[in-house]
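The values are calculated or read from the model by the stated rules, or taken from the named source; none is laboratory data. Bear in mind that the values here come from a model prediction, so they are computed numbers and not experimental data. Heads up, the Cβs are rebuilt from the backbone with ideal geometry, glycines too, and the neighbour counts pull from every protein chain shown.
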Amino acid sequence: MTQNDVPDFADLLAAATHSAVHLEMRDAYGVGDEAGDFEEFLRTGVHPDADPATADWGGWPELVRNAVARGVVMRRARIVSEPVTGYIRFEHAGTVVNVAAGELVRWLPRRRASDIALPGNDFWVFDGRIVQFNHFTGNGDWDDPKYSVSEAPAVVKLCADAFETVWERGIPHAQYTV
């Protein structure tokens with residue numbers, strides 16, 4: 001598959017029949033479209049957009065709800081350093097939207113991940129058959145290209161195994177405090 005053939009996330013999720021799992025491993029992201037909300041959160045300590053109905057979520061809650069309604073189990077795990085960064089506090093405050101849409105979310109303190117073989121990038125695994133890697137610059141903004149995919153069995157296995165290990169050790173969102 002060439003870079004020009006890389007399907008976008010919505011297409012990969014629409015094709016999923018039973019699972020979509022996501023592993024995040026950065027302590028901060030610098031995605032431009034979140035900058036204003038993040039700055040407001042740092043000033044106020046309150047996530048300015050914890051309402052899944054707003055347009056700021058870019059249709060994410062609807063994508064998740066549709067997938068879950070089709071029987072796709074969506075799980076997200078985050079490996080985080082402690083004490084957590086301001087960005088992780090921001091993410092934690094906004095995770096109410098992910099959970100309300102139907103995602104299951106867990107958090108794993110980084111010190112408990114030292115013996116896990118992890119890929120070098122955040123990723124999604126769809127139905128245990130295809131991996132979409134997310135690419136970020138050093139400052140946490142989207143790189144170009146944003147995504148790459150792999151269907152190589154060894155790559156899929158590495159990512160699926162890493163996710164499952166993180167998931168087993170992770171703390172459910174409702175129990176993880178920042």
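A few remarks follow.
- Filter result for the condition that a residue is within 17 Å of the chain's Cα centre (by Cα), surrounded by 16 or more Cβ atoms within 10 Å (Cβ to Cβ) and closer than 28 Å to Gly138 by Cβ, over Ala10, Ala20: Ala20
- With respect to the stated conditions, Ser114 is at pLDDT 95 or above and either more than 27 Å from Trp57 (Cβ to Cβ) or among the hydrophobic types (A, V, I, L, M, F, W, C) (or both).
- Of the residues making up the range 137-163, those that are crowded, with 17+ Cβ neighbours inside 10 Å and modelled with pLDDT of 95 or more number 9.
- Of all the listed residues (Ile88, Ile79), the sole one being modelled with pLDDT of 95 or more, within 18 Å of the chain's Cα centre (by Cα), part of a strand (DSSP E or B) and closer than 28 Å to Glu168 by Cα is Ile79.
- Members of the range 3-35 that are within 14 Å of Tyr87 (Cβ to Cβ), of a type outside the set (A, V, I, L, M, F, W, C) and in contact with a Pro (Cβ under 9 Å, 6 or more places away or on another chain): none
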